[in-house]
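**Student:** I'd like to ask some things about the structure below.
The values are calculated or read from the model by the stated rules, or taken from the named source; none is laboratory data. Everything numeric here is computed off the predicted structure, so don't read it as measured data. Reconstructed Cβ throughout: ideal geometry from the backbone, glycine too, with neighbour counts over all protein chains shown.
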Amino acid sequence: MTRRAPEPVQVIKQRRDAALSALVRGVPYMQFLGIEFERRGDELTAILPYDDKLIGNPLLPALHGGVTAAFLEATAIIGLSWALIWDDMESGVIDPRGLTPETLPRLPKTIDFTVDYLRPGLPRDAYARARVNRSGRRYASVHVEGWQDNRARLFAQATGHFLMPSRDD
Amino acid sequence: MSDDKARIARQFIQAIPHSRALSMQVEEIGNGVAEISMPYDERLVGDPRSRVISGGAVSALLDTCGGASVMCHPTGPQGTATIDLRIDYMRAATPGQRITARAECYHVTRSVAFVRATAMDEDRDNPVATASGAFTVERPKAQRT
């Protein structure tokens with residue numbers, strides 16, 4: 001039995017980071033809000049660095065509920081797309097170095113999204129992680145948790161359903 | 001709602017930093033009904049290939065509009081925050097067109113307000129998204145008992 005030599009770690013990291021960055025950079029609205037993603041293996045954490053323009057209640061002050069919704073929805077869409085492209089990226093079907101907004105796999109479309117606001121969003125950085133609860137050929141169900149200072153004290157959570165991009169599209 | 005109250009509500013909403021960032025404009029406000037619009041903007045695009053505006057930006061508009069409908073309810077809440085908001089996306093908004101949201105605060109209790117809202121582009125007969133949500137109602141201290 002012959003075994004292929006494992007890929008050098010830098011090659012793997014570069015490929016995964018390039019794919020993630022192409023996915024996120026392709027969406028102007030995520031750039032507008034300043035959303036970033038951190039990767040550990042296949043686990044993603046979305047980061048929303050604080051900015052004055054994200055405020056919805058200047059008196060408290062608190063993050064705008066719409067910003068929280070948009071942040072959690074972006075986390076869900078990128079999390080789902082990331083799970084979708086993972087195999088193709090690892091097997092070499094997709095070459096992340098050549099990815100542009102035009103050649104990127106199409107993103108899933110939101111069918112519905114429900115946000116549960118648990119406490120006011122504080123004027124500081126926010127984090128979120130998505131969990132794909134079901135991913136079928138046509139539909140997916142994704143849950144997202146958002147927090148700020150303490151991982152266990154969520155400031156918002158959300159559940160959404162998504163229409164999968166068709167494979168031949 | 002008196003013209004004066006409506007004017008204050010309008011100023012209040014247009015002073016929200018994030019609403020300003022999205023160039024939201026109050027079209028109508030009073031008696032628990034609010035209509036707020038937002039111009040198409042390349043920075044708000046969610047799908048780079050179709051140039052369709054992001055669902056998140058539509059959420060922000062619907063959330064603002066929902067809050068505004070609570071604030072202008074005749075029972076006079078002093079403040080509000082979203083408890084829960086569900087958005088159904090019916091279709092992609094046409095790129096280049098202004099998005100308008102219309103929200104109605106159809107029921108309030110002492111501490112909760114219930115809201116329905118619709119987002120439309122220039123084709124007002126075919127909504128882009130609908131929303132329903134619950135909001136907190138902040139009352140003046142004396143009224144709380």
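Every residue, every condition in (1) in contact with a Ser or Thr (Cβ under 7 Å, 6 or more places away or on another chain); (2) surrounded by 20 or more Cβ atoms within 10 Å (Cβ to Cβ); (3) more than 14 Å from chain B (Cβ to nearest Cβ), yes or no:
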site: A:75; (1), (2), (3): no, yes, no
site: A:92; (1), (2), (3): no, no, yes
site: A:102; (1), (2), (3): no, no, no
site: A:111; (1), (2), (3): no, no, no
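**Student:** Mind telling me which of the residues B:32, B:46 ends up being free of Cβ contacts under 8 Å to residues at least 40 places away in the same chain and buried (at least 18 other Cβ atoms within 10 Å of the Cβ)?
**Tutor:** B:46
**Student:** Which ones in the range A:1-24 are surrounded by 15 or more Cβ atoms within 10 Å (Cβ to Cβ) and without any contact (Cβ under 8 Å) to a residue 60 or more places away in the chain?
**Tutor:** If we filter the range A:1-24 for residues that are surrounded by 15 or more Cβ atoms within 10 Å (Cβ to Cβ), which is where we start, we get A:15-16, A:18-24.
Within the range A:1-24, A:21, A:24 meet the criteria.
**Student:** Search the range A:52-71 for residues that are within 7 Å of another protein chain (Cβ to nearest Cβ) and pair each with any residue that is of a type in the set (D, E, K, R) when their beta-carbon atoms are under 6 Å apart and the residues are at least 6 apart or on different chains.
**Tutor:** Within 6 Å, the pairs are A:65/B:63; A:66/B:63.
**Student:** Turning to a different aspect of this structure: For a quick check of your reading: which helices (runs of 4 or more DSSP H) sit entirely within the range A:1-109 and have at least 3 residues that are among the β-branched types (Val, Ile, Thr)?
**Tutor:** Values: elements: A:9-25, A:28-33, A:65-91.
Of the helices (runs of 4 or more DSSP H) lying wholly inside the range A:1-109, those with at least 3 residues that are among the β-branched types (Val, Ile, Thr) span A:9-25, A:65-91.
**Student:** Still on this structure, I have one more. Determine, yes or no, whether residue B:124 is basic (Lys, Arg), more than 14 Å from chain A (Cβ to nearest Cβ), assigned to a strand (DSSP E or B) and within 18 Å of the chain's Cα centre (by Cα). Break it down stepwise before answering.
**Tutor:** Details: basic (Lys, Arg): yes; more than 14 Å from chain A (Cβ to nearest Cβ): yes; assigned to a strand (DSSP E or B): no; within 18 Å of the chain's Cα centre (by Cα): yes.
No.
**Student:** Does the range B:3-16 include one or more residues that are modelled with pLDDT under 95, β-branched (Val, Ile, Thr) and part of a helix (DSSP H, G or I)? Explain how you work it out, then say what you get.
**Tutor:** Here is the first cut: in the range B:3-16, the ones modelled with pLDDT under 95 are B:3-16.
From what's left, β-branched (Val, Ile, Thr): B:8, B:13, B:16.
In the following step, the residues that additionally are part of a helix (DSSP H, G or I) were identified as B:8, B:13.
Among the residues of the range B:3-16, at least one is modelled with pLDDT under 95, β-branched (Val, Ile, Thr) and part of a helix (DSSP H, G or I), which makes the answer yes.
**Student:** Given the conditions (1) more than 9 Å from chain A (Cβ to nearest Cβ); (2) not in a helix (DSSP H, G or I), which single one is not true for residue B:49?
**Tutor:** Of (1) more than 9 Å from chain A (Cβ to nearest Cβ); (2) not in a helix (DSSP H, G or I), only one is false for residue B:49: (1).
**Student:** Restricting to the range A:119-140, count the residues that are over 19 Å from residue A:85 (Cβ atoms) and surrounded by 15 or more Cβ atoms within 10 Å (Cβ to Cβ).
**Tutor:** Result for the range A:119-140: 7.
**Student:** Check whether at least one residue in the range B:82-94 is assigned to a loop (DSSP other than H, G, I, E, B), facing chain A (nearest Cβ under 7 Å) and within 18 Å of residue A:77 (Cβ to Cβ), and report yes or no.
**Tutor:** Residues of the range B:82-94 assigned to a loop (DSSP other than H, G, I, E, B): B:90-94.
Now narrow it down to the ones that are facing chain A (nearest Cβ under 7 Å): none.
So far as the range B:82-94 goes, no, none of its residues is assigned to a loop (DSSP other than H, G, I, E, B), facing chain A (nearest Cβ under 7 Å) and within 18 Å of residue A:77 (Cβ to Cβ).
**Student:** Continuing with the same structure: If you take the residues of the range B:19-33 that are under 25 Å from residue A:52 (Cα atoms), small (Gly, Ala, Ser) and outside any loop (DSSP other than H, G, I, E, B), which of them is nearest to the chain's Cα centre (by Cα)?
**Tutor:** Top of the filtered list is B:19.
**Student:** Then there is this: Only one residue in B:56, B:66 is under 12 Å from the mean Cα position of the chain (by Cα), within 25 Å of residue A:58 (Cβ to Cβ) and either in a helix (DSSP H, G or I) or at pLDDT 95 or above (or both). Which one?
**Tutor:** Just a single option satisfies the conditions, and that option is B:66.
**Student:** Does residue B:43 satisfy being within 7 Å of chain A (Cβ to nearest Cβ) and either β-branched (Val, Ile, Thr) or not in a loop (DSSP other than H, G, I, E, B) (or both)? Steps first, answer last, please.
**Tutor:** On the way: within 7 Å of chain A (Cβ to nearest Cβ): yes; either β-branched (Val, Ile, Thr) or not in a loop (DSSP other than H, G, I, E, B) (or both): yes.
Judged against the criteria, residue B:43 is a match.
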